[in-house]
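No lab work stands behind these numbers, since they all come straight from the coordinates. Since we're looking at a predicted model, the values are computed, not measured. Cβ coordinates were reconstructed from backbone atoms using ideal geometry, including for glycine residues, and neighbour counts include every protein chain displayed.
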Amino acid sequence: MCGIIGVTGRADALEMLLDGLDRLEYRGYDSAGVALSTEAGTWRARSAGSRSLADLRKLAEAAPPAAAGIGHTRWATHGHPTEANAHPHLDCTGSIALVHNGIVENAAAIATRLVAGGHRLTSETDSEVLVHLVEAHLGELLGDPTGSGAAGTGSSRGVPRGSEPDTAHGPAPGSSVLGEAVRRALVEVRGSFAVVVAWSGDPTRLVATRRVSPLVLGTAAGGAVMVASDVPALLGRAERFWTLDDGQVAELVPGGIVVTDVAGAPAQARPLEVAWNLEQARKGGFPDFMSKEIAEQPQAVADTLAGRLTADGTVGLDEIRVSPDELRQVDKVVLVACGSSYHAALVAKFAIEHWARVPVDVDIASEFRYRDPILDPRTLVVGVSQSGETVDTLQAVRHGRDLGARTLVVCNVVDSSMAREADGVLYTRAGPEIGVAATKTHLAQLAALQVLALHLAQVRGRLDTERAGRLLAGLADLPSLVARAVDRAGAVAEVAQRYRSVRDVFFIGRHVGYPVAMEGALKLKEISYVRAEAYPAGELKHGPIALIEPDALVVAVATRTPLWEKLLANVEEVRSRGAQVVLVANDGDEETARLAQAVLWVPRCEALLSPLVDVVPLQQFAYAVARANGRDVDRPRNLAKTVTVE
Ligand code: AGP
């Protein structure tokens, strides 16, 4: 998740860009950059690191005057957070600049074709291929038969400012040659994008388009026209706002916006009413980051899966830097993690053992190295950590490495300490998570670990393509299933209101439902300060059931996993002792519902994937109870987002 912005029609375009990037920094802060379009050419400045925006302001002191420009603040998903990978990216001529938010799934194939066509790519990112695609199509539209744009000439190409292109080959009426080049370029792209393009060949025009990733347009008196990833960057600057539909192309020129559809025909942007202050806008209109991040979960899962489920029924994980041959030699997997990441690892154990038939240990990271674990080069130690900085997990991964094991981390932060030290990395792509309680990063971890399990199974010959195709289809359905669960926050909040004064809650589950119960208990205790403990439902009769008394609240994960019937028997045990029962149950499952005082309904899916869906109402339940008790859900007491102490 990155922040992009574009401004034209303002003499102080650069100041607006820098101020807008400050406001978008919560969308990502690995690096930042701006590019200005002038008659003399395109001027660019970029900076990477924790002070990237401050450093960019210093660099901007050398900028030429310009009335148009684009900017970007980055959350790395492909390529290290370095200056070379920072946006804006330039084409070979240095005259076209582009900023991108999203994931180009077919970047490698496009890059191969571009390089063969004479283009020079200078970064590790997927985004850079976009600016070279625009260059190639612009070259064709301007009559360059090679179609490779002005690759290598270094000169600023393009039609004189404001002149119309050759419409015999060029764009539909109402669009410029740059707009048509952007449209044609992005038709070749698989994946998600919001892009803004500037070109010194038409220096006051910006072209913006999107698919899945967000984009907001704004206009103000005096001719200023703006575009940004979302509203915060434009608040107080724009007076009117619009959004674009997927595939629509907006061409911003001083005083106006020309919108065309995916075919290049005239179209209309959709007016957007904005009644937020800046703080509200950063939260996208949500009351806090946690509720916003719960709502972002479908996108976080979709982005994490993007490009990893190939159309031919295989799982593509080349980027993990642990080869199929090495994975075939693995005879044990050890997952090490803390908190919500530990719960994700517990789910992964089921998936890896079931699909890959490799024995899996799951350890609390802070205990792992003190149990004198038996590791060797055939062990794969997998650290699961959204921050990639949790010292307990980092030390556990290091211990595995020191004992000769291969190490892999599943992580949400590119170039984090764990990512740098492990042999391989599988990145989640949830974007920055501001709320202390893990939500979208937890789901992204569950998705990434499922993909890892299938990859292990495939490279070890445990999964034929037909069965893999079916499983990958199940994975591909997850974003929409998670979205359906997310959309039920209101119904969950009603149930939570009934129990807002509860002081003690039991969470129970079986099979993959038990880690889900553990995550539900953690969410409730860490943001509402209500005592909540999770138990394997079959374990109640071995002691904990002594705690059940009339009106005790028991939340059970009762979706159709393989042990569903046994789980229901455990629910009967607590009901017979007077407990209040809230059940997470599959849509339409009235047989289960009859046992409950309240049901948190979820759509049904493959049992091993069900934690991604079943955990959502438990996040929402914890959130609603915490809010009803006036808790600060984003910054709960005693906690930090990343625990960098042992
Ligand atoms: C979960 O809501 C908490 N924020 C905490 O348990 C967290 O999952 C744990 O500290 C691990 O963090 P990591 O994923 O960054 O390693």
**Report entry** Theoretical FRET efficiency, 1/(1+(r/R0)^6), r = Cβ-Cβ of SER480 and ARG500, R0 35 Å, to 0.05
**Finding:** 0.70
Query - Loop-located GluC sites (Glu not before Pro) in segment 256-319, at most 11 other Cβ atoms within 10 Å (DSSP) - result: GLU273
Query - Simple Cβ-charge dipole of segment 469-626, Lys/Arg +1 and Asp/Glu -1, about Cα centre, in debye nearest 20 - result: 160
Query raised in the report: Expressed as an acute angle from 0 to 90° and rounded to the nearest 10, what is the orientation of the C-alpha long axis of helix 13-24 relative to the principal long axis of the chain?
Result: 0
Query raised in the report: Going 7 Å from the Cα of GLU239 in the Cα-to-Cβ direction, what parts of segment 7-25 have a backbone nitrogen less than 19 Å from that spot?
Result: 7-13, 16
Query raised in the report: Which whole-percent values make up P(r) of the chain when all C-alpha to C-alpha distances are grouped in 20 Å steps starting at zero?
Result: 19, 48, 28, 5, 0
Report summary line: For ARG462, placing the label point 7 angstrom along Cα-to-beta-carbon and taking segment 382-425, residues whose amide nitrogen sits under 20 Å are 382-384, 405-410, 424-425
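Net charge near ALA97, counting Lys/Arg +1 and Asp/Glu -1 over other residues with Cβ under 9 Å of its Cβ? Don't skip to the answer; put the middle values down first.
On the way: positive: ARG44; negative: ASP91.
So the environment of ALA97 carries a net charge of 0.
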Query - Distance in nm between pseudo-label sites at SER323 and THR644 (7 Å out along the Cβ direction from Cα) - result: 3.6
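Over segment 300-404, calculate the relative contact order: mean separation of alpha carbon pairs under 8 Å at least 6 apart, over the residue count, as a percent.
Numbers: 123 pairs, mean separation 30.3, N = 105.
Rounded, it is 29 percent for segment 300-404.
Tell me the net charge near GLY404. Cut-off is 10 Å between Cβ atoms, GLY404 excluded, with +1 for each Lys or Arg and -1 for each Asp or Glu. The partial results should precede the final answer.
Working: positive: ARG378, ARG401, ARG406; negative: ASP376, ASP402.
The answer is +1.
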Query raised in the report: So how much slack lies between ARG604 and LYS58, counting 0.36 nm per residue of separation and subtracting their Cα-Cα distance, in nm?
Result: 191.2 nm
Query - Relative contact order computed over the chain (Cα-Cα under 8 Å; 6+ residues apart), in percent - result: 11
Query raised in the report: ³J(HN,Hα) across segment 32-49 via Karplus (A = 6.51, B = -1.76, C = 1.60, θ = phi - 60°), whole Hz, x for Gly/Pro?
Result: 8, x, 9, 9, 10, 9, 9, 4, 7, x, 9, 9, 9, 9, 9, 8, 10, x
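Quick one: compute the contact order of segment 359-488, relative version, from alpha carbon pairs under 8 angstrom and 6+ residues apart, as a percent.
Working: 148 pairs, mean separation 22.1, N = 130.
Averaging sequence separation for qualifying contacts and normalising by length gives 17 percent for segment 359-488.
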Report summary line: Projecting the Cα atoms of LEU463, TYR26, VAL486 onto the charge dipole of the chain, where Lys and Arg contribute +1 and Asp and Glu -1 at Cβ, the residue farthest towards the positive end is VAL486
Report summary line: Binned at 5 Å from zero, the C-alpha pair distances of segment 188-256 give percents of 4, 18, 27, 25, 17, 8, 2, 0
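At 0.36 nm per residue, and after removing the present C-alpha to C-alpha distance, how many nm does the segment from ALA221 to TYR529 gain when stretched out fully? Walk me through the numbers before you get to the answer.
On the way: separation 308, 0.36 × 308 = 110.88 nm, distance 4.96 nm.
Separation in residues times 0.36 nm, less the Cα-Cα distance, equals 105.9 nm.
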Query - For ALA68, residues with placed amide H under 5 Å, excluding near neighbours - result: SER37
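Taking K and R as +1 and D and E as -1, what net charge do the other residues with C-beta under 10 Å from the C-beta of GLY313 add up to?
Local charge sum for GLY313: -1.
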**Report entry** Estimated inter-spin distance, ARG637 and GLU539, nm [label 7 Å along Cα→Cβ]
**Finding:** 2.8
